[in-house]
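J.: One structure is given below, represented as structure tokens, and several questions about it will come after.
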Amino acid sequence: MASVKVLGVLPLPVSTFTETNVRTYARLPDGKAGLWFLSIDVSNPVMLAARGIGAPYHVGNLKIRTDGPVIHYTGERRGGGPRYRLTVRPGAPAEVTDLDVWLTSRWRSFTRSVGVLWETPVEHEPWPLARGTILDLHESLATGAGLSYPVGEPVVHFSSGVGPVRLGATRPARGGRTAVVSEQKLRGR
């Protein structure tokens, strides 16, 4: 994440940082779509403040290293827990499909805290997408978030980053009372 600003104007003390998340997609009864994060590992501890609205942030030791055209991502949650190692070779720019837009164009996130469904607007330019090839992948993020280990071939996208990112004011989601789904259902149990 690059040049992150809260309420669209207040830069975070460390406004560019590494983040890795496990997420799914949600839609309210009124049709409003957003992200539902199952876990978010981040190198910027300031983001832990979002736990107050139910965002599942964890501080981690996250690193990105380049080796010619190959990108190495590693992450380990501080204090133990999920970790990952991923090596990707970015490919040609993607001819963006409807699926690509659906996977990357969410402009809000939903969280739940104190019995309330919260909505946080998120603004950033569309992700510059390229195809990618996974050369190495070992991770425990999915199972750490309560999901079964993924099966089948992954859909792979690469982006050089997204920014500037503007996080809007969090507020109760309208029409969200009937849209609240238990975490067990979200996690497929």
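Where a number appears in this text, it was derived from the coordinates with a stated rule and is not lab data. Keep in mind it's a predicted model, so treat the numbers as computed, not measured. Ideal geometry is used to build each Cβ from the backbone, glycine not excepted, and the neighbour counts take in all protein chains shown.
J.: Return the sequence-ordered ³J(HN,Hα) values of segment 92-102 in whole Hz as given by the Karplus equation 6.51 cos²θ - 1.76 cosθ + 1.60 applied to θ = phi - 60°, using x for Gly and Pro.
T.: Running phi through 6.51 cos²θ - 1.76 cosθ + 1.60 with θ = phi - 60° gives 5, x, 7, 7, 5, 9, 4, 4, 4, 4, 4 Hz.
J.: Stretch residue 66-residue 102 to full length: gain in nm at 0.36 nm per residue minus the Cα-Cα span?
T.: Roughly 10.1 nm would be gained on extension.
J.: Let me check I've understood the local charge: for residue 75, count other residues with C-beta under 11 angstrom from its C-beta, Lys and Arg +1, Asp and Glu -1. What total comes out? Walk me through the numbers on the way to the answer.
T.: On the way: positive: 63, 77, 78, 83, 85; negative: 19, 41, 76, 139.
Net charge around residue 75: +1.
J.: Something else about it: Checking the a/c ratio against 1.5 first, then a/b against b/c, what shape does the Cα gyration tensor give for segment 99-169?
T.: In terms of gyration-tensor shape, oblate.
J.: Just how far, in whole angstrom, is segment 37-54 from segment 134-161 if you go by their alpha carbon centroids?
T.: 20 Å
J.: Oh, and also: Taking amide H positions as placed 1.01 Å from N in the peptide plane, with prolines and chain starts having none, which residues 5 or more places from residue 145, or on another chain, fall under 5 Å of its amide H?
T.: none
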